[in-house]
Every structure is written in structure tokens, then in C-alpha cells.
Amino acid sequence: MKSNNKLFIAIIVALLFGVILGGIVHYQFAESKEVFSKNIKLFGTIFIRMVQMIIAPLVFTTLVVGIAKMGDMKMVGRVGAKAMGWFISASLVSLLLGMVLVNTLAPGKGTNIKMDDASSASELLEKTQSFSLDEFVKHVVPKSIFESFATNEILQIVIFSIFFGIALSSFSKKEAKPILKLFDRISHVVLKMVTYIMWLAPLGVFGAVAAAVASYGFEIFSLYANYLLAFAIGIIVLWIILLFVGYLVLGNRLWTLLKRIKSPLLIAFSTTSSEAVFPKMVEELERFGCQPRIVSFTLPLGYSFNLDGSMMYMTFASIFIAQVYGIDMPLDKQLTMLLVLMLTSKGVAGVPRASLIVVVATCAMFGIPPEGIALILPIDHFCDMARSMTNVLGNALATSAVDKWETKSEN
């Protein structure tokens with residue numbers, strides 16, 4: 001616990017130094033801010049890449065061991081059904097919340113913001129042109145497990161691991177034991193690597209925050225004030241809902257869980273990457289008391305199907321762009337959009353800036369100018385900080401809840 005507190009304090013200090021240094025560069029050395037941002041951001045890139053290199057082996061080994069140790073395929077189905085029940089419910093609540101708030105607060109109506117240059121969105125628009133059912137299937141079903149490992153396609157690795165684990169569990173205990181023992185040892189070695197890599201987190205946080213503040217300055221927080229304020233209210237309400245449901249399930253143990261995951265939450269917030277804390281989440285949830293087999297099965301699924309912060313953002317951003325362009329979106333059309341987002345948002349968790357790509361695809365589908373995404377690109381970094389942190393909280397609560405329900409059903 002002391003080690004966890006030290007890491008948390010180190011991240012806070014790095015965050016503050018990053019804001020101060022970024023502010024100094026932006027306001028005192030404006031001519032150097034682009035070069036500075038590009039170079040200082042490397043600290044964040046190094047940290048995230050080091051975490052990414054261990055995600056695939058960790059997901060594969062822990063999930064295979066978890067399923068094989070369950071042995072009973074009825075248990076696998078039961079745990080999977082409970083997890084998916086939570087994921088679908090949380091996704092619907094998040095999407096509905098985004099829709100209700102953007103309609104109530106109407107941050108895009110009566111705005112003076114003009115979209116003179118959409119060139120900043122060109123990369124996203126190009127990526128989205130190939131966004132289709134065909135692409136969705138390709139992101140879900142692996143063609144080659146080696147390709148999935150190389151590109152960190154978590155959902156594809158999960159699907160292969162489930163099949164591998166089920167096949168392994170069909171062998172006798174004597175036959176399966178050597179493979180299980182090997183994978184179990186590998187997963188523990190990778191978790192040991194996590195401990196070392198996490199001490200680079202403050203450096204990563206420092207680089208990511210300093211680069212963002214140097215590029216945009218402090219006025220970015222006041223730019224599009226209505227949009228940021230409305231989104232912040234949405235995130236706060238979503239947190240209240242998640243924590244309330246978490247308290248109903250976990251009781252007072254919820255506060256223990258929050259203490260355990262405070263470092264992952266802060267890292268996700270600072271680096272805008274929920275993926276960066278996946279290995280640390282495995283470690284902390286097991287320390288919290290969750291069964292390793294439940295964690296190894298539920299958490300990777302959550303990273304593909306349970307991105308609560310991103311889900312809320314998708315309806316919020318799509319309808320916001322429609323409001324800016326003065327496009328009327330009747331309730332039936334918004335509900336259709338919600339159902340479309342419910343489906344299209346799954347399976348793209350491993351895609352960089354997946355939330356924005358899904359928003360662009362949805363806008364095009366419903367007659368909203370997709371180049372409107374350029375409106376929110378300058379401040380998306382700060383929205384992404386809140387999205388990522390909320391995704392981490394949602395997955396921690398989902399895994400803990402499934403673990404508690406499963407423990408009850410076993411007793």
C-alpha cells in the first residue's frame with residue numbers, strides 16, 4: 001500500500017510540473033512550443049509503448065489460465081452472461097445520459113463558432129471512409145493470432161484466448177497441467193514487469209501533460225466553454241450513477257476499491273489512455289480480493305465492450321455537431337442513433353481515437369456533416385482525459401461486481 005501511495009504522489013507531482021512547464025513554454029517561448037511539445041511528448045509515448053508491449057501476452061496467458069481453471073463450461077457461460085449483462089446495461093445508460101444532457105444543455109445551439117478549416121479532421125475522415133460492417137467483423141474476428149498480437153487488437157486476442165482456454169479445459173488435468181503451469185508462470189512474470197514499468201508512469205504523465213498545455217495553453221479550458229462544461233457535467237453525473245450502483249453491489253468495500261485504483265485512474269486521466277493501465281488494473285483488482293480467474297476473464301472483455309465514458313461521449317458529440325449546424329434531430333432519429341452506436345462502438349476499442357472515428361461514421365450515417373468533428377478536435381484531448389478515467393472506473397466496478405455475484409453463487 002505504501003508503494004501505491006508513493007506512486008500516486010509521484011504522478012500528482014509530475015502532473016503539476018507538466019502543467020507549469022507547459023504553461024511557461026506556451027506563454028514565454030511561443031516560437032518553440034511545437035518543437036518542445038513534439039519532444040517532451042516522447043516521455044508519454046515511451047511509457048504507453050512499454051505498457052502496450054505487455055498487454056497481449058498478459059491478456060492471452062491470464063485469460064487462458066482463467067478459463068481452463070474454471071473447468072466447467074457452464075461457469076464460463078455464467079460469468080460471461082453476468083459480465084455482458086453489466087456491459088450492455090452500462091452502455092445503454094451512458095449513451096442515454098449523453099443524449100439527455102446534450103439535449104437539455106444544448107451546448108451547440110446559438111454558437112458563434114465557425115468551421116472555416118476542416119483540414120485537421122482529414123485524417124479521421126479518411127479512416128472513417130472504410131468504417132463498415134466488413135471492417136467491424138475484421139476488428140472482431142482474428143485472421144492471424146500473430147497479427148492480433150502485433151497490433152494489440154484486444155478483442156481478437158480475447159476471442160482466440162477463449163477458444164484456446166475452452167479447448168485446453170477439455171483435456172484431462174494431467175495433460176493440461178504443464179501448459180497451465182507454463183502460462184501461469186508467464187502471467188506472473190509479466191505482472192512483475194508491470195511493477196517496474198509503472199514507476200515510469202510519472203515521467204509519462206509529465207510528458208503528456210506538458211505537451212498538451214504547451215500546445216494549447218490555459219485558454220483551451222475556456223475555449224468552447226459551453227461544450228466543456230456540459231461534458232464535465234455529463235461525466236460527473238455518470239460517475240455518480242456508477243458509484244451509486246457500485247455501492248449497491250459492493251457496499252463499503254467500494255471505498256477500498258477506489259483507494260486501490262486511484263493510481264490507474266490518475267494515469268488514465270493524465271495520459272488519455274485506459275489501455276495504459278490495463279496491466280496495473282489486473283494487479284490491483286486481484287489485491288482488492290477479486291478471484292484471478294474472474295479478473296482475467298471479465299477485464300479484457302470490459303476493455304472491448306464496457307467503455308462507459310466513451311459511450312456517453314459518442315451521443316453527446318454527435319448531437320452537439322448537429323446542433324452547431326442547425327440540423328433538427330427528432331427523438332426517434334436520436335434513439336435510432338443510440339442503437340446504431342450501441343452496435344458500431346463494439347470491437348473498435350483497439351483503434352486509435354476510436355471514439356472520434358465512431359462519431360464521424362455516425363454523423364455521416366445520419367446526414368450530419370462529418371467534417372464537423374474538426375470543431376471539437378482542439379479540445380478533444382481534455383475530453384479524452386475524462387473519458388479514459390471513466391472507462392477505467394467502469395471496468396473496475398464491472399469486474400468487482402461480477403466477482404461478488406459469482407462468489408455468492410458458488411457459496
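Worth a mention:
- Modelled label positions at Gln28 and Thr45, each set 7 Å beyond Cα in the direction of Cβ, lie 2.6 nm from each other.
- Pairwise FRET efficiency - Glu175 versus Met84, Cβ, R0 = 41 Å, nearest 0.05: 0.85
- Evaluated at q = 0.07, 0.10, 0.14 Å⁻¹: base-10 log I(q)/I(0), Debye formula over Cα of the chain: -0.33, -0.68, -1.34
- Here r is the Cβ-Cβ distance between Leu92 and Asp328 and R0 is 25 Å; the resulting FRET efficiency, rounded to 0.05, is 0.55.
- Förster radius 45 Å - calculated FRET efficiency between Asn226 and His188 (Cβ-Cβ, nearest 0.05): 0.35
- Pairwise Cα inverse-distance average, inverted: Kirkwood Rh of region 1-57 (Å): 13.4 Å
- Per-residue [θ]222 nm for the chain (sum of -39500 (n - 2.57) over DSSP H runs n ≥ 4, rounded to 500): -26500 deg cm²/dmol
- In nm, spacing of pseudo-spin labels at Val141 and Lys38 (7 Å Cα→C-beta vector): 4.3 nm
- When trypsin sites (Lys or Arg not before Pro) are flagged only if DSSP places them in a loop and at most 15 other Cβ atoms lie within 10 Å, the longest unflagged stretch of the chain comes out as 144-411.
Every number in this text was worked out from the coordinates using simple rules, so none of it is lab data. This structure is a prediction, so every number in the text was calculated from the model and none was measured. Ideal geometry is used to build each Cβ from the backbone, glycine not excepted, and the neighbour counts take in all protein chains shown.
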